[in-house]
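Asker: This is the structure, below, for whatever I ask next.
The values are calculated or read from the model by the stated rules, or taken from the named source; none is laboratory data. Keep in mind it's a predicted model, so treat the numbers as computed, not measured. Virtual Cβ from ideal backbone geometry, glycine too; neighbours counted across all protein chains shown.
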Amino acid sequence: MADRLEGPSVFVRTSSDSSEIEGGKTDRKVAFFSRSFLTRLKEGGGWPALVKKEKTRFFENVGSHCFSSLRMVTPLVPFPLAVHKLEKHPCAPSDRFALDSFAYVMVWCGTRLLFDGSWGKDGSGNPLDSESIFRIGSLSKQVVASLFFSLAQQGKLFLDEKLVTFFPKLDFPPSFEKISLMDLLNHTSGLPTYKEDQVPKRYSSEELFKWGLSCPLHFQPGERFFYSNTGYAILGYLLEQITENAFDDLVRALFRKMGLFSTGYLSSQQEGKWVTGHKRDPSNRVTQEFGASLHQTKAFSAAGLYSSPKDLRLWYTRFLESDLARNTLEVFKNNPPKIRFDSQPVEEVRYYAGFFVQGNLLEHTGFFPGYLSQVVLHPERQAGLLILCGNENADILSMKKELLLQFKEFFGG
């Protein structure tokens, strides 16, 4: 185990090295998912017309498939009543795969559930519910960032501390000496990201850490933005060394404090609620993703967690109440965005501790073979939107846009 420093007694929150964000180009694998999702009206139920523009409504505590507990509340906003299944699009393939998303969608404001819709079944053949378990891909990064901010608040580290100070006995490449924790959290370290074929199928966290140290940097730390799973894998290993606990144990302990038990690596007790991932292979055949043990490879702390809609909704609700959510927006008011490395055309991006920042919204997508996910948060209005999907060919960007339009009173427009 690598030596580590004793934690300092003061928490330093800096913004000078904060990278800034791009929008919507990370972890994206999107294709057909019926662009008329949520807007096409189906005769005879299922897709009822929205009420008048001047007097629209929303319903609280709406179940996924049962809408018996409808209650009119204020403020009044428009939204679709249900999403039982996808409509068939003229351009869609004719098989069932094109019509299933295996998805769960939630929209909320504070403690109020504004919309709750699902379609598809889990791996056991049961309809999806709020406790169905999905791979969440890069939404894992927000959990990593939260763990580091918690350690900083406990006085166990500085967020502007250099990575090398935690491993004094390791011989780091000279270019790594300037990399800070915030550089790793904000993707401004200069580290490349890894591709699936670059990392062996079985890699321990220490081996992945050492592999990361062997990578040449794209640029000097802090200069630009480059989305790097490698950086978050290094952060996961550092968490294990500082706390002397496995990453999965840290995550489960964090969520257990909130009474939540579905987030972490998949356990054998949870397999009955697992949503199987789906994708098309190069020959256009539908395949299922059963790789429950892949968290020990390239995914790890960068994209290896599982969670449920119920867990994530409460997690994000607590996050929206925290200083971190408010400070994420404040960081960029007086700091210019970073230039994206190796982008055509060159983009200025805003990213902070697990979120892309776009105006007043915090966003992130997640991808893992067979799965897609999306979260959008409005800290000032305490509003959140979550999409978890067991079909990597789903068009979650169109889903997100439509939901933001339907709930524009909560997210702006």
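Asker: From the list Y203, Y232, Y237, Y227, which residue is under 30 Å from S132 (Cα atoms) and touching a His at 6+ places or on another chain (Cβ under 7 Å)?
Answerer: Residue meeting the stated conditions: Y227.
Asker: Okay, next question. Condition first: among the acidic types (D, E) and at pLDDT 95 or above. Now tell me which residues in segment 227-248 satisfy that.
Answerer: E240, E244
Asker: For segment 279-308, which residues satisfy the criterion of being closer than 24 Å to G117 by Cβ and modelled with pLDDT of 85 or more?
Answerer: L305, Y306, S307, S308, listed by residue number.
Asker: Okay, next question. Which residues, taken from segment 344-368, are surrounded by fewer than 24 Cβ atoms within 10 Å (Cβ to Cβ) and over 15 Å from the mean Cα position of the chain (by Cα)?
Answerer: Scanning segment 344-368 gives Q344, P345, V346, E347, E348, Q358, G359, N360.
Asker: Next question. If K169 meets every condition in (1) more than 21 Å from A353 (Cβ to Cβ); (2) surrounded by 22 or more Cβ atoms within 10 Å (Cβ to Cβ) apart from one, which number is that one?
Answerer: All conditions are met except number (2).
Asker: Can you give me the number of residues within segment 253-275 that are assigned to a helix (DSSP H, G or I) and surrounded by 19 or more Cβ atoms within 10 Å (Cβ to Cβ)?
Answerer: 2
Asker: Confirm whether A233 is out of contact with any strand residue (DSSP E or B) (no Cβ under 6 Å at 6 or more places or on another chain), surrounded by 23 or more Cβ atoms within 10 Å (Cβ to Cβ) and in a helix (DSSP H, G or I). Full working, then the answer.
Answerer: On the way: out of contact with any strand residue (DSSP E or B) (no Cβ under 6 Å at 6 or more places or on another chain): yes; surrounded by 23 or more Cβ atoms within 10 Å (Cβ to Cβ): yes; in a helix (DSSP H, G or I): yes.
The answer is yes for A233.
Asker: If we scan segment 59-73, do we find a residue that is among the hydrophobic types (A, V, I, L, M, F, W, C), part of a helix (DSSP H, G or I) and either over 23 Å from the mean Cα position of the chain (by Cα) or modelled with pLDDT under 90 (or both)?
Answerer: No, because not a single residue in segment 59-73 is among the hydrophobic types (A, V, I, L, M, F, W, C), part of a helix (DSSP H, G or I) and either over 23 Å from the mean Cα position of the chain (by Cα) or modelled with pLDDT under 90 (or both).
Asker: Hey, does segment 369-378 have a residue that's surrounded by fewer than 20 Cβ atoms within 10 Å (Cβ to Cβ), within 19 Å of K408 (Cβ to Cβ), of a type outside the set (D, E, K, R) and modelled with pLDDT of 90 or more? Quick ask: steps written out before the conclusion?
Answerer: First pass over segment 369-378, keeping only residues surrounded by fewer than 20 Cβ atoms within 10 Å (Cβ to Cβ): 369.
With the extra rule that they be within 19 Å of K408 (Cβ to Cβ), the set shrinks to none.
No, segment 369-378 has no match at all.
Asker: Among the residues of segment 171-188 satisfying the criterion of being in contact with a Phe, Trp or Tyr (Cβ under 8 Å, 6 or more places away or on another chain) and without any contact (Cβ under 8 Å) to a residue 60 or more places away in the chain, which is nearest to F149 (Cα to Cα)?
Answerer: L181
Asker: Just checking, how many residues over segment 146-165 are under 17 Å from the mean Cα position of the chain (by Cα) and crowded, with 22+ Cβ neighbours inside 10 Å?
Answerer: Residues in segment 146-165 being under 17 Å from the mean Cα position of the chain (by Cα) and crowded, with 22+ Cβ neighbours inside 10 Å: 1 in total.
Asker: A follow-up question, please. On the basis of being in contact with a helix residue (DSSP H, G or I) (Cβ under 6 Å, 6 or more places away or on another chain), surrounded by fewer than 24 Cβ atoms within 10 Å (Cβ to Cβ) and of a type in the set (F, W, Y), does F411 make the cut?
Answerer: Working: in contact with a helix residue (DSSP H, G or I) (Cβ under 6 Å, 6 or more places away or on another chain): yes; surrounded by fewer than 24 Cβ atoms within 10 Å (Cβ to Cβ): yes; of a type in the set (F, W, Y): yes.
Against the criterion (in contact with a helix residue (DSSP H, G or I) (Cβ under 6 Å, 6 or more places away or on another chain), surrounded by fewer than 24 Cβ atoms within 10 Å (Cβ to Cβ) and of a type in the set (F, W, Y)), F411 qualifies.
Asker: For segment 344-368, give me the residue count where each residue is touching a residue at least 40 places away in the same chain (Cβ under 8 Å) and over 20 Å from V143 (Cβ atoms).
Answerer: Here the count works out to 7.
Asker: Find the helices (runs of 4 or more DSSP H) located wholly in segment 323-413 whose residues include 2 or more that are more than 19 Å from C109 (Cα to Cα), and list them. Give the steps one after another, and end with the answer.
Answerer: Working: elements: 323-330, 396-406, 408-411.
Passing ranges, in order: 323-330, 396-406.
Asker: A further question on this structure: Checking the condition modelled with pLDDT of 85 or more and closer than 28 Å to L377 by Cβ, which residue from L86, L81, L113 passes? Show your work before the answer.
Answerer: Values: L86 fails: modelled with pLDDT of 85 or more; L81 fails: modelled with pLDDT of 85 or more.
Matching residue, one of L86, L81, L113: L113.
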